[in-house]
Amino acid sequence: MFANYVALFTGDHINPIKCEDIQQEKRRFYDEFVYFGPKEDLLDDGKYNFITDVAIVDKFSFDEQMTGFWYNEDPQCRIDRELDGDKSYLVGFNGFNSVPHIIEEGQE
């Protein structure tokens with residue numbers, strides 16, 4: 001059990017997720033934040049590297065439930081979710097049947 005906590009707080013803070021696993025019924029995190037775009041954007045020199053900081057703050061300061069932070073690089077997954085397959089998005093999911101909060105790349 002202790003090893004699980006060490007891995008949770010010291011491992012990768014944003015992990016890959018398959019399209020079919022986003023908001024699946026038996027998921028670990030009720031709330032999910034998914035970056036739809038290339039993983040390189042999340043690296044230290046990437047344009048969305050701040051998402052890692054947000055994930056870390058969430059892990060160390062949550063009081064009731066943490067948010068799952070994921071990325072999906074598959075353009076077809078974006079298309080399946082009625083998004084443009086050529087653009088990147090940050091999408092917040094807040095449980096079953098809720099309206100996702102979508103932030104499109106380049107959007108103010």
_Quick query: amide H of TYR71 versus all other amide H atoms, modeled in the peptide plane; which residues come in under 5 Å with a sequence gap of 5 or more or a different chain?_
ASN15, ILE17, TYR35
_Can you compute the FRET efficiency between ILE56 and GLU104 using 1/(1 + (r/R0)^6), with r the Cβ-Cβ distance and R0 = 25 Å? Round to the nearest 0.05._
0.55
*Rg to Rh for the stretch 36-108: what is it, with Cα atoms only and Rh by Kirkwood?*
0.97
_At 7 Å along Cα-to-Cβ for each site, give me the label-to-label distance between ASP21 and ASP84 in nm._
2.9
_Note, ³J(HN,Hα) from phi for the stretch 39-48, Karplus 6.51, -1.76, 1.60, rounded to Hz, x at Gly and Pro_ = 4, 4, 5, 9, 6, 3, 9, x, 6, 10
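Values quoted throughout were computed directly from the atomic coordinates according to the rules given, and no laboratory measurement underlies them. The shown structure was predicted, so the numbers you read here are calculated from the model rather than taken from an experiment. Because the Cβ atoms are built from the backbone with ideal geometry, glycine has one as well, and the counts that use them run over all protein chains shown.
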